[in-house]
Amino acid sequence: MRSQYNYPEILTWLEQKAKQEYGSNFHFINDDIENITKLIAYFLKDQVTANQFGLDLTKGILLSGPVGSGKTSLMTIMKYITQKDNKFYMRTCRDISFEFIKEGYEIIHRYSRGSYSQSEYKNYCFDDLGVESNLKYYGNECNVMAEIILSRYDLFISRKVITHITTNLSASEIEAMYGNRVRSRLRAMLNLIAFDKTTQDKR
């Protein structure tokens, strides 16, 4: 079977949209085309191409790679091709940690099961997992993102709510920082798309 989508055409169009957002110097490099194509296939829900890359469209995306490899930019521009029912919101893990300092444990609830006043479940992309640190609220230490991920896993199992994550951590570093339980949950709920560790900083 062949995909219904013309990927070279989509890549050209998407690069132009990215230039509008990030400036005329933005461009896709050849070494990244495969990963970008994987992201496009996923967010278009192109089952044919997703199957070729071994992507499970019922799971989210874990986009990993060195600092400056373009993870945040790529996830941001995916909004141009994401179907309405698959829309997601970008939040940096660092900002979430600051929100926790100010508002406490309600933040964990907000990013897992919605606010107390709402019953909606949102798809999120948690950007830069690993840059935040364990924080204290009224003297109680909490690994905020670990708690959110565990709650998001429960939502994934019960309601198929999607989570995306970007990180420059390796699998072993994720386990060291968040524990084996979180690493196992991430493996179950996310497709891994990884830049080579030798990818140069594009900034």
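The values are calculated or read from the model by the stated rules, or taken from the named source; none is laboratory data. None of these values were measured; they are calculated from a predicted model. We place every Cβ from the backbone using ideal geometry, glycine too, and count neighbours over all the protein chains shown. Only protein heavy atoms, including side chains, enter the accessible area calculation; ligands, DNA and RNA are left aside. Shrake-Rupley method; radii C 1.70, N 1.55, O 1.52, S 1.80 Å.
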Under the 7 Å Cα-to-Cβ spin-label approximation, W13 and V131 lie apart by a distance in nanometres of 3.1
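Can you sort L62, L155 by 1.4 Å-probe accessible area, starting with the largest?
So the residues, ranked largest to smallest area, are L62, L155.
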Taking the Cα atoms of segment 20-72, what is the range of coordinates along each of the three principal axes, in descending order and whole Å?
33, 21, 19
Tell me the per residue accessible area of the chain using a 1.4 Å probe; a whole number in Å² is fine.
54
Leaving ligands and nucleic acids out of the surface, order S3, S24, S112 by accessible area at 1.4 Å, largest first.
S24, S3, S112
Under a straight-distance cross-link criterion of Cα-Cα below 18 Å, which lysines are reachable from K102, leaving out those fewer than 8 residues away in the same chain?
K136
Of the listed pairs K38/K84; K17/K59; K17/K71; K17/K160; K71/K160; K59/K197, which have alpha-carbon separations greater than 21 Å here?
K17/K59; K17/K160; K71/K160; K59/K197
Near the amide H of M90, under 5 Å away, which other amide H atoms are found, from residues 5 or more places off or on another chain, if H is placed in the peptide plane?
C125
Take each uninterrupted DSSP H stretch in the chain, measure its Cα extent along the helix axis, and return the ones at 18 Å or beyond whose mean Kyte-Doolittle hydropathy is at least 0.5.
144-159
Can you give the relative contact order of the chain as a percent, counting alpha carbon pairs under 8 Å and 6+ residues apart?
28
Could you tell me what percent of the accessible area of the chain is made up of carbon and sulfur, with a 1.4 Å probe and every protein chain present?
46
Just report the Cα centroid separation between segment 169-188 and segment 20-82, whole Å.
22
Distance-filtered residues of segment 76-115 - backbone nitrogen under 18 Å, label point 7 angstrom along R181 Cα→Cβ
105, 108-109, 112-113
Could you please put H109, H164 in sequence from largest to smallest accessible area, using a 1.4 Å probe?
H109, H164
The farthest towards the positive end of the charge dipole of segment 1-48, of the residues S3, I33, Q16, given +1 on Cβ of Lys and Arg and -1 on Cβ of Asp and Glu, is S3
Shape category assigned to segment 59-101 from the gyration tensor of Cα positions, a/c cut at 1.5
oblate
Compute the Kirkwood hydrodynamic radius of the chain, taking the inverse of the mean of 1/r over all pairs of distinct Cα atoms, and give it in Å to one decimal.
17.8
Show that you can apply the helix-only estimate: for the chain, add -39,500 (n - 2.57) for every DSSP H stretch of four or more residues, divide by all residues, and state [θ] at 222 nm to the nearest 500.
-14000 deg cm²/dmol
How much of the DSSP beta bridge set in the chain is antiparallel, as a percent to the nearest 5?
15
Taking the Cα centre of the chain as origin, work out the dipole magnitude from +1 charges on Lys and Arg Cβ and -1 charges on Asp and Glu Cβ, in debye rounded to 20.
460
